[in-house]
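One structure below.
Derivation of every value follows stated rules applied to the coordinates shown; laboratory data play no part. Bear in mind the structure is a predicted one, so any value in this text is a computation, not a measurement. Don't worry about glycine lacking a Cβ; one is built from the backbone with ideal geometry, like all the others, and counts go over all protein chains shown.
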Amino acid sequence: MMPALPAPETAGEAPALVIQARSGSLGLIEEARELWRYRHLVRTLVERDLRVRYKNSVLGIAWTMINPLVQVFVLTVAVSFILGAGPRNLSAYIFCATIPWTFFQTAVLDSSTSVLAKLGLLKKVYFPREIPLIATVCQNFVQFLISLGVFVIYRFVFTPLLHGGNVAPPLALLWLPVVIVILFLLTLGTAFFVATLNVFYEDVKFILTLTMGFLFYLMPIIYFADNILYAAGIPGTMILRKPLAWIITAFKQMFFGPQNIARPGTVLPPSAPFDWRYMLITAVISVTFCLWGYAFFNRRKWGFTERP
């Protein structure tokens with residue numbers, strides 16, 4: 001932006017301030033340090049946006065759960081009762097998969113317009129241009145954590161009562177914090193790209209909406225990665241090579257463990273166990289993608305205010 005520098009003093013006059021424009025973006029590390037100095041602004045924006053979103057709502061933040069729960073109900077009825085496919089506790093599997101997917105989808109879609117929404121403010125007040133984007137992702141992350149807490153109760157209290165099964169959490173659940181961090185970095189990296197492009201090409205948000213609707217059916221949400229792993233003519237590890245697909249599958253594996261996902265009387269191999277090798281690959285991809293997205297954003301952010 002424009003740091004203020006003292007002008008040379010003249011006799012009998014107070015020093016004046018001269019506004020000197022920055023020639024371009026700082027290095028990535030310096031940009032990150034500057035962002036860290038404004039971290040309290042991110043928290044303030046997250047709190048304000050959450051209050052504004054549910055200010056005049058009777059149910060308040062409970063709406064965070066209503067949409068995914070309705071979606072889980074509809075998909076369970078369609079797949080389990082009408083088509084007669086999937087295990088008896090299919091609703092728990094779908095609920096588990098929709099939590100990371102909903103966070104990724106809503107955070108990326110909301111972030112695509114986050115910079116444009118604050119463009120007028122960015123032209124008047126200086127603060128790091130990435131703050132509105134990061135605040136939007138963090139706001140959706142808070143709602144993700146709330147949804148995850150509700151699902152934990154559903155998985156380990158209601159599912160055993162309704163369908164039986166083991167109540168004890170699988171050992172793989174210890175990897176949950178790591179997988180959550182990987183999901184956050186992948187989402188943030190994607191948000192950097194789409195927010196930057198949408199400033200200059202507003203078609204991006206429309207294309208993104210269509211893409212998300214398409215991706216929903218490509219991700220192992222209403223079906224299992226095992227259905228792909230053992231399908232004829234499809235490479236065995238194809239589905240797990242996609243970072244988001246692996247994360248969704250990992251959520252199912254961590255919360256349910258390896259078990260047969262077929263209905264009684266049908267034959268299907270047991271679900272694949274949690275594999276830390278795929279986690280390592282996905283972690284490297286997510287970290288790289290996040291840093292690449294941050295660099296992409298920083299190279300172009302000083303052109304945002306020049307947008308007509």
Exercise. From the phi of every residue in the range 193-201, what ³J(HN,Hα) in whole Hz does the Karplus formula 6.51 cos²θ - 1.76 cosθ + 1.60 yield, where θ is phi - 60° and glycine or proline is x?
Worked result: 5, 5, 5, 5, 5, 6, 5, 9, 9
Seminar exercise, completed: Karplus-derived 3J(HN,Hα) from phi for the range 149-159 (6.51 cos²θ - 1.76 cosθ + 1.60, θ = phi - 60°), whole Hz, x at Gly and Pro, runs x, 5, 5, 4, 5, 4, 5, 9, 10, 7, 4
Problem set entry | Packing rank of 246-253, 110-117, 295-302, where each peptide gets the mean count of other beta carbons within 10 Å, highest leading | 246-253, 110-117, 295-302
Exercise. Which whole-Hz ³J(HN,Hα) couplings does the range 98-115 yield from phi under the Karplus relation 6.51 cos²θ - 1.76 cosθ + 1.60, θ = phi - 60°, glycine and proline marked x?
Worked result: 6, 5, x, 5, 4, 4, 4, 5, 5, 5, 5, 5, 5, 5, 4, 10, 5, 6
